[in-house]
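Since the structure comes first, as structure tokens, the remarks are kept for the end.
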């Protein structure tokens with residue numbers, strides 16, 4: 001297939017026939033991106049109930065009248081914008097990514113799925129996002145940022161997989177600072193991260209006037225401690241957070257829980 005380069009593959013996203021181009025030698029999206037897209041679609045502006053009497057083909061899983069523009073910071077190969085395009089009717093979805101090869105794959109995936117009228121991916125540094133986009137120009141901002149602070153043990157810290165996992169090219173504060181500048185007052189910033197940095201995450205969010213409003217912990221098994229956390233913060237929101245029931249990934253080894261099956265299905 002002409003759209004693919006060496007070592008690349010086309011993966012089926014199992015939703016609306018959309019597919020994504022990935023290179024296993026660089027970095028492939030994980031469950032965290034899928035979970036974050038679902039978390040975003042469950043937010044306050046995305047009321048999941050369907051309007052009674054609406055024809056089946058016109059039903060949208062989200063009430064998106066208030067949400068016109070979404071930006072995904074550090075979008076990688078564009079997985080979150082494509083999933084949000086599949087799950088919602090938001091007309092403008094943008095993705096910002098610093099790595100040229102990832103941008104190239106994301107752009108080709110958007111073209112392959114015929115989403116050019118809704119999704120735009122550009123190359124740029126999160127630390128320079130304020131020079132790329134206008135202040136307060138997005139309703140919702142998402143990010144699945146690098147989780148790890150320490151680059152200990154990395155043979156080549158600038159390898160694509162290490163850039164995606166470690167804070168090499170940007171820090172948590174860089175991401176939050178950009179989100180706080182770009183999201184409109186009352187708009188939301190949704191991210192997924194690691195629980196061991198939860199105190200730091202809350203401190204940085206509130207320092208930039210992004211008030212944590214909703215949080216969900218993700219556990220691999222019901223009797224294991226959480227290994228991911230999803231947070232929605234609102235710019236200028238009042239102090240009060242809702243802690244949602246935990247999301248358990250596996251009922252037993254290799255068997256997803258019903259919650260996860262619903263997300264993937």
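Scanning the range 92-108 turns up one or more residues that are over 21 Å from residue 145 (Cβ atoms) and assigned to a strand (DSSP E or B).
Do we have residue 211 as part of a loop (DSSP other than H, G, I, E, B) and over 18 Å from the mean Cα position of the chain (by Cα) here? Here the answer is no, as residue 211 does not meet what is asked.
Limited to the range 224-241, what total is found for residues that are free of Cβ contacts under 8 Å to residues at least 40 places away in the same chain and more than 20 Å from the chain's Cα centre (by Cα)? Write out each step before concluding.
We begin by selecting, within the range 224-241, every residue free of Cβ contacts under 8 Å to residues at least 40 places away in the same chain; these are 224-227, 229, 238-241.
Still in the running and more than 20 Å from the chain's Cα centre (by Cα): 224-225, 238-241.
Adding up the residues that qualify gives 6.
Which one of 10, 71 is at pLDDT 85 or above, over 13 Å from the mean Cα position of the chain (by Cα), over 23 Å from residue 256 (Cβ atoms) and surrounded by 14 or more Cβ atoms within 10 Å (Cβ to Cβ)? It would help to see each step written out before you state the result.
Details: 71 fails: over 13 Å from the mean Cα position of the chain (by Cα).
The conditions single out 10.
One residue alone among 261, 251, 197, 238 is surrounded by fewer than 19 Cβ atoms within 10 Å (Cβ to Cβ) and part of a loop (DSSP other than H, G, I, E, B), and that residue is 238. Out of curiosity, is residue 183 modelled with pLDDT of 95 or more and more than 16 Å from residue 69 (Cβ to Cβ)? Answer is no for this residue. Annotation: residue 163 fulfils all but one of (1) buried (at least 21 other Cβ atoms within 10 Å of the Cβ); (2) under 19 Å from residue 27 (Cα atoms); (3) at pLDDT 95 or above; the unmet one is (3). The number of residues in the range 181-194 being crowded, with 21+ Cβ neighbours inside 10 Å and more than 18 Å from residue 218 (Cα to Cα) comes to 5.
Tell me, yes or no, whether the range 25-45 has at least one residue that is outside any loop (DSSP other than H, G, I, E, B), modelled with pLDDT under 90 and under 16 Å from residue 86 (Cα atoms). Reasoning before the result, please.
So in the range 25-45, the residues outside any loop (DSSP other than H, G, I, E, B) come out as 27, 31-41.
Now narrow it down to the ones that are modelled with pLDDT under 90: 27, 41.
From what's left, under 16 Å from residue 86 (Cα atoms): 41.
Scanning the range 25-45 turns up at least one residue that is outside any loop (DSSP other than H, G, I, E, B), modelled with pLDDT under 90 and under 16 Å from residue 86 (Cα atoms).
On the basis of being touching a residue at least 40 places away in the same chain (Cβ under 8 Å) and under 26 Å from residue 97 (Cβ atoms), does residue 216 make the cut? Yes, satisfied.
The values are calculated or read from the model by the stated rules, or taken from the named source; none is laboratory data. What you are looking at is a predicted structure, and each value in this text was computed from that prediction instead of being measured. Note that we place each Cβ from the backbone using ideal geometry, even for glycine, and neighbour counts take in every protein chain shown.
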